[in-house]
Every structure is written in structure tokens, then in C-alpha cells.
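This report refers to the structure that appears directly beneath it.
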Amino acid sequence: MDKSSALEYINQMFPTEASLSGVEPLMQKIQSEIRRVDASILAAVRQQSNSGTKAKEELAAATNAVQELMYKIREIKTKAEQSETMVQEICRDIKKLDCAKRHITTTITALHRLTMLVSAVEQLQVMASKRQYKEAAAQLEAVNQLCSHFEAYRDVPKISELREKLKNIKKILKSHVYSDFTSLGTGKETEDENLLQQLSDACLVVDALEPSVREELVKNFCSKELISYKQIFDGAELAKLDKTERRYAWIKRRLRSNEDTWKIFPPSWHVDYLLCIQFCKITRTQLVDILNNLKEKPDVATLLLALQRTLEFEEELAEKFSGGTTTARNKELESDDENEGTEHNKIVSDIRKKYEKKLGVPNDEAEQDKEKQKDLSVPGAGFNFHGIISSCFEPYMAVYTELEEKSLVEQLDKLIQEEKWETEEGSQTNILSSSMQVFLVIRRSLKRCSALTKNQTLFNLFQVFQRILKAYAAKLYARLPKGGTGIVAAATGTDGQIRTSDRDEKMICYIVNTAEYCHQTSGELAESVAKMISSQFSDKVDMSDVQDEFSAVITKALMTLVHGVETKFDAEMVAMTRVPWSTLESVGDQSEYVNGISSILSSTVPALGSLLSPTYFQYFLDKLAASLGPRFYLNIYKCKHISETGAQQMLLDTQAVKTILLDIPALGKQTTVAASYSKFVTREMSKAEALLKVILSPVDSVASTYRALLPEGTPLEFQRILELKGLKKADQQAILEDFNKHSPSIKHPTITPTVAPPVATATASVPMAAVPLPTQAVATTPSMSTALTGALANREDVLARAAALGRGAATTGFKRFLALTEAAKDRKDGPFRKLFNA
């Protein structure tokens, strides 16, 4: 306690003079407390001293205990070593006696077994000589077991002698068994009732012999059974393709008639199974020879009938030897749609009705298939009867695919001839009926072929389907309205123009929907074929080329539709140029030609909107706006003198046309409109508005207004604007000179063209360059106005023809092109931008 704290404590204890009387008691209390604390400290010090001494004593005791324990452990270890030495000395003699006993026991056992082996071999020799197969089989099993015990004594003379004797006995048994089995099938089994039982016992002996004996016996038996088959069907009478069914009837009859007789064979031998395999291989070889020796292509009906009967026979074998499990072919038949499927035995009869003609072209491409090595051990274990015979028909199925293609082409031509190019009343699909019929006949053809083969022939037929669908796409493409051609069209100014009626427009919409349906369905067809065809061909099944053809039809049809609607505006565009814009006295309602444009769109667009899908209708709107906007802009240049009142009226008409274009989606009952479409219409029509504003501007500021509103304009266009304002040549010359001085550079004239449709390839494009004009200042000659008007007309004609040459981007896909064109509208650079703003 510091000094200040002590003073505070004292002042607190003794605040008054009267309280000083308690000093003495306080001092006594403090002294008492000091003595108590001293006594506690002294007791703690004494206790600590005693504890240290005790700990030292305990540590010393523990050390002594550990030393005593180590001594006892060494003593125990020494005694254990002494005990082990004593035990080894005691048991040394016992080990010798035990080893001697084991050797004596082994010797006695070996001698006993040798005695048994000698006796068994002698008994077996007697049984073999008497053909006692049942007893010999059991005795042979015992001898084989006894011989296994003497494998280590092969070099002992007595053992070698016994083994050689046993080997000779086995040869005798083998020869006896083979000799007895030669009588099977000769009719002796009916005369001698004990023959079958004897042969059944002989099978037991064969099982006791080496496995090679059984394999050789079964092979010889199967070969003997099929000798008559080879002789019968190698003859000139039955060695024909139309006799194939009789081959299978022969083996079925053989199996049924000998079923009871062949019960002498153990079930584990699978004699009927191996017989059928050998029969199939012989049949395949003979059928290949028959097909190779044909002097002309086989009759399709005969070929397919032989193939169908072969498939049925293979299915029966697979079911017979599959152990009762359902085969893959049965599963496929069970999963077929009942409405589309036909019974298995009716497929060939239907095909035979179709193909009754013979083909005389020799088949030089036939090749003999190599037989594959397969596991023949047990039924269902590694051997598949499916295709063991039928695969030999594969190289000769070209005639089938040729006639299938011929039939499909004929049906396609018939469907096109019967097509009315309009849908039935109440139809909700808006697609041509011929497209559904085409895929129906294709699916029927696919079903017929898949029931016969799923290898190369099915893939060849798939390629036929591709050609048929491409031909159908070409038929749709050829049906689209064409532009006028020839001398008459050139003389009347309609060369390249496409004129369409309301019926034509509906037909074009049906073609668009039909091509889209075919595009989707052809992909589904490819998926179906890929699932059912063999795995080695599944990766090659692709319909992308066919789908590209239909995409090209869609693009061409939509562009034809746009050009057809464009042609309807010709009269209104001419009427616009014939309006006396220079003599209008006042601004009134929109002009008649605007009403005509509105009437054309009102009568055309609703029907198209109801027939086309939203995606294609939006594409149509984009292309129509891309055509009408620039065309309206160019048409202003074709007008004669435009007064201020006329320009105001024309500006009102421009706003009306803009409104009409923006309302087109509503006419087509489209609930949502792409924002890019509205922006595009506004941007294109704003160019016409800017042109009219330049015409309305005062003469002294027309140049600056032109540069501000039309920065990409050319001196030639500017001169035409001065002519539209009605300025005299002298006044035009002064303004042009001033314009050329203030212009930073002179550009080639460029006029926004009609948007060209997608082209047929991804790399090709329609040239969009404007007609080149002189770059120097244009002199004010009397013929300048006429030349300028002619140049602009020629430029529009060139651009219109370039647009008419476009065709769909078939290689990249129609939808991808839509995405590219939509994105290009809002871009300021890039090649696609030139299609919208040159």
C-alpha cells in the first residue's frame, strides 16, 4: 500500500479525534494476526521438508524392486533354455520312429493300391473283350482314379507296364464302341432289341475315356447322318433356290423320326444341337454355291421366300436350344405396334405380290462369306443361330433394294400427280397429304426390310430413302411459282418478277409447312433406323443432307412468297410517281396508293399469318419490310417535281406506310412482335422521312440539311433532290459547287437495296455492290435528270434481280440463318450488315 492509500485507510478508520481511543485494540488485533500467519508458514515449511525425505526413500525402494525383477527374469530364461535342450534330447528318437512309421504306412498303401490296380486292369481287359460296356465303364472310372495315385511313379517299370496295358485296353474299347455305333441307323436296332441298350452303355464308356473320343464319335455320327442330305440336295433337281424350304423340312423330319433312337446319347452330349450346327454350315455352303452359279440375277420373290424360310428356321433353332428363354427376335415381334405390324408369315406373300418380274443383269459382286469360329460347347453358350445361314443372302439382296427403290419412285410420282396442293377442309396440320403418304410408304418398306435383314441391305435401303426424300424436296422446290422469262417478259418489263395469286400464296405456305414436317420426320426416321440396324452401320445413319434440302425449300418458298407480295405493290409504286406532287394545294388524308398498299397487306397477311408458324411468319415480315422500306425510299427519287405541300403530303404518306408496316404482325394475329422488327421498320422508313425533310428545307440550307440527315448520301443523289425541289439548272450549279467544296470526300452512290435471301451455300453470296457512277462533280447538263433517273432505276432493277437469285442457306440450316440475320440488323459492320444497309 502506497503512502496516500495508507493515509486514506487511517483517516477512514479514525475519522475523528474521539475515534483515536480504538487504536490500542486495533494494534492488538493486528499483532495477533501476525502471530497466526507466522505459525502457519512454519508448519508448511516443516511439512515440505518431511515430504522430500519420504519421496527419496520410496524412489530407492522402487529401484531395488526393479533390479530384483530383472534378476528373476534372467533366471527364468536360463531355466527355459535348459528345459528346451532336455526336451529335444528326449524327442530325438521319437521323431525317427514317427518318420519310419509314416514311410511304412505309405508303402503299405501303395502296395495295396498296386494290387487293386493290377486286379482292376485284368478285370477291365476281360470286360473289354466281352463288350460288357456298363461294367467296363464303372471299372474304367476306378482304374483312372487308381492311376492318378501313381503319377509320381511313372518311371517304375511295373507301373509303366500297367499304364501301357491300360492304354491298349482303352484302344480296344474305343474300336469296339466305334464298330458298334456303325450299326446305328442301318435298321439293326429294330432287329436286335438289345442293341440300343448296348449302345447306351457304350456311351458310358466313352464318357470314361478322353473327351476327344466323345468329340470324334459325335462328329462321325453327325457326318454319317448328313451324308444322305448332301447327296439329295447336291443333285440337279433339288439344288435350287426355290427348294430351300425342303432342306429345313428334311432336318426337322430327321430330328422327329430319330428322337427316340437318339435318347441313347447322354443329354450332356447335345448331339441334336451339334447336328443342327453342322447341318447349317453345309446348307450355307450349298446355298452360296447355288447363288454363285446363277446365270442371271435371282428372282426377287424366290430369293425373299428362301430368306424368309431360312430366318424362320434359324428362329426355331434359336428357340429350341435357348433353354426356354425368349429370343431377341421374339421380343422385337412382341414390341411391334399392332396397327402397323403384320403377321410373320405374311411378309413374304406381300412382297411376292409386288415383285413378279425377273431381272436379267448378272450379279458380279457376290462374294462368299467366311465362316466365323464360334463356341460349340453347349447350347446358348457362345453360338448364335441367327444369321448362320441367312447371312449368305446379304451380297445378293441388291435386286431387292433396286425394286424397292423403283416401287418408291413410282409411288412418289403417283402421289405428286394426285396431289391437289391444298389441304383438306378442317385440317389442323396445314401440310400436304403427299408428305404423310411418302413417309408412310417409307416406313412400310423399312418394316419389310427389317424383318428380313438388319445389315448392309437395310443400310442400302436407308440410302434409297435419302434419295426418295431428296427427290420429294426437289418436287416441292419445282412447284414454287417462277418469275417471268423469255422475250415477252423482257419486253413487258416483267422479266424475273414473280406474280402470285391467293391460291399460290396458300400453296407456298403449305410447302413451307410440309418441308418443315419432312425436316423433322426425316430426323425421326434416321433415329428409328439407327436403333434397329446393326451397330457397325448405326454411326453411318445420317439425314442431315436431306434435312438441308428441305431447309433450302423452306427458304426458297419464303423468298418466293416475299417476291410475290412485292410484285403486288408495282401498281401502287407507279401510282405514287404519277401523283401531281408539284400542284397539290393542301395536305389531306393519306393518298390512294397508301390505301392500296394497306388493302394489299390487309388481304394477304392474315391468311399467311394463320398458315405459317410464328418463326417463319416473322422471317416473312422481316424480308417484306426489308424490301418495301428501301423500295419506297427509291420510289421518291422517281417522282417529278415535289412542292412543299407535296413533300408534306408525302411525309404524311410515309408515316402512314410506316404505321401499316408496324401493324402487319397484328394483321397476322401474332401476339408478340420481335423488337428488332420494329426497330428495323423505323430505321428504314426514317430514311424516307429524312429525304422528305431535306426536300422541305429552305434552299440556302438544303446542303447542310442533306449532310446532317443523310450523311452517306452522294452528290448524284443530292442533285436529284435539287431537281425534285424544282430548282433551275443555274441555281443547282451554284448549290452543287458549294456542296462539293464543303464535302470531305465524294463517295460512290449507294442505295439501300432489297434484302437478299439466304444463299444455297454458306460461302456464296449475292453481289450487292451498287451501280458504279462517276465520282467527280456532276455537270448540269440537260440530260442529267433523265440519266440520273435511269441510273437509279437500273440500280433498283439490278438489286431486285440479285435478290431473286437468292436461295436458302441449306448447308447451315434455316434457323441458324434466321438468327444471323436478326443479329445483323442491329450491327453496324460485318458482311451480313450489307444485306440490310449497303
Relative to the present Cα-Cα distance, how much length would full extension add between Arg246 and Ala18 at 0.36 nm per residue of separation? 67.1 nm
With a 10 Å radius around each residue's Cβ, average the other Cβ atoms per peptide and rank 442-454, 618-630, 549-561, 587-599, highest first. 549-561, 618-630, 442-454, 587-599
Lys and Arg at +1, Asp and Glu at -1: add these up for the other residues within a Cβ distance under 12 Å of Thr500 and post the number. +1
Cα-projected label distance for Ala138 with Glu216, points at 7 Å along beta-carbon direction, nm: 2.8 nm
Summed side-chain charge close to Val87 - residues other than Val87 whose Cβ falls under 14 Å, Lys, Arg +1, Asp, Glu -1: -1
Compute the FRET efficiency between Gln82 and Lys54 as 1/(1 + (r/R0)^6), taking r as their Cβ-Cβ distance and R0 = 41 Å, and round to the nearest 0.05. 0.40
Please give the length that would be gained between Ser586 and Asp260 if that part of the chain were fully extended, namely 0.36 nm times their separation in residues minus their C-alpha to C-alpha distance (nm, one decimal). 105.7 nm
Ordering 497-508, 512-523, 639-650, 17-28 by per-residue average of other C-beta atoms within 10 angstrom, highest first, gives 512-523, 639-650, 497-508, 17-28
Suppose each label sits 7 Å from its Cα in the direction of the beta carbon; what would the Lys130-Lys482 distance come out to in nanometres? 10.4 nm
Length gain on complete extension for the stretch Glu161 to Glu644, per 0.36 nm per residue less the alpha carbon to alpha carbon distance? 160.2 nm
In segment 531-640, if the dipole is taken from +1 on Lys/Arg beta carbons and -1 on Asp/Glu beta carbons about the Cα centre, which of Leu601, Met543, Pro614 is farthest to the positive end? Leu601
Ignoring ligands, DNA and RNA, what percent of the 1.4 Å accessible area of segment 1-155 is carbon and sulfur? 59 percent
Applying the gyration tensor rule to the Cα atoms of segment 1-112 (axes a ≥ b ≥ c; rounded if a/c under 1.5, else prolate if a/b exceeds b/c, else oblate), the class is prolate
Mind putting a number on the dipole of segment 25-143 about its Cα centre? Charges go on the C-beta only, +1 for Lys and Arg and -1 for Asp and Glu, and I need it in Debye to the nearest 20. 180 debye
Grab the beta carbon distance between Ser599 and Glu524, set R0 = 51 Å, and tell me the FRET efficiency rounded to 0.05. 0.75
Counting Lys and Arg as +1 and Asp and Glu as -1, each charge on the Cβ, what is the dipole of segment 535-631 about the Cα centre in debye, to the nearest 20? 140 debye
By per-residue mean of other Cβ atoms within 10 Å, what is the highest-first order of 709-719, 199-209? 199-209, 709-719
Where labels lie 7 Å past Cα in the beta-carbon direction, separation of Lys171 and Asp700 in nm: 13.8 nm
Answer in debye to the nearest 20: the dipole magnitude of segment 103-197 about its Cα centre, from +1 Lys/Arg and -1 Asp/Glu charges placed on Cβ, is 380 debye
Total formal charge among the other residues, if their Cβ is under 15 angstrom from that of Arg46, Lys/Arg +1 and Asp/Glu -1: 0
P(r) of segment 69-113 over all Cα-Cα pairs, binned every 10 Å from zero, in whole percent: 23, 23, 20, 16, 11, 6, 1
Using R₀ = 25 Å, calculate the FRET efficiency as 1/(1 + (r/R₀)^6) where r is the Cβ-Cβ separation of Lys95 and Ala152; round to 0.05. 0.55
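The values are calculated or read from the model by the stated rules, or taken from the named source; none is laboratory data. The shown structure was predicted, so the numbers you read here are calculated from the model rather than taken from an experiment. Backbone-built Cβ (ideal geometry, glycine too); neighbour counts: all protein chains shown. These area figures cover heavy atoms from the full protein model, side chains too; ligands, DNA and RNA do not enter into them. Shrake-Rupley method; radii C 1.70, N 1.55, O 1.52, S 1.80 Å.
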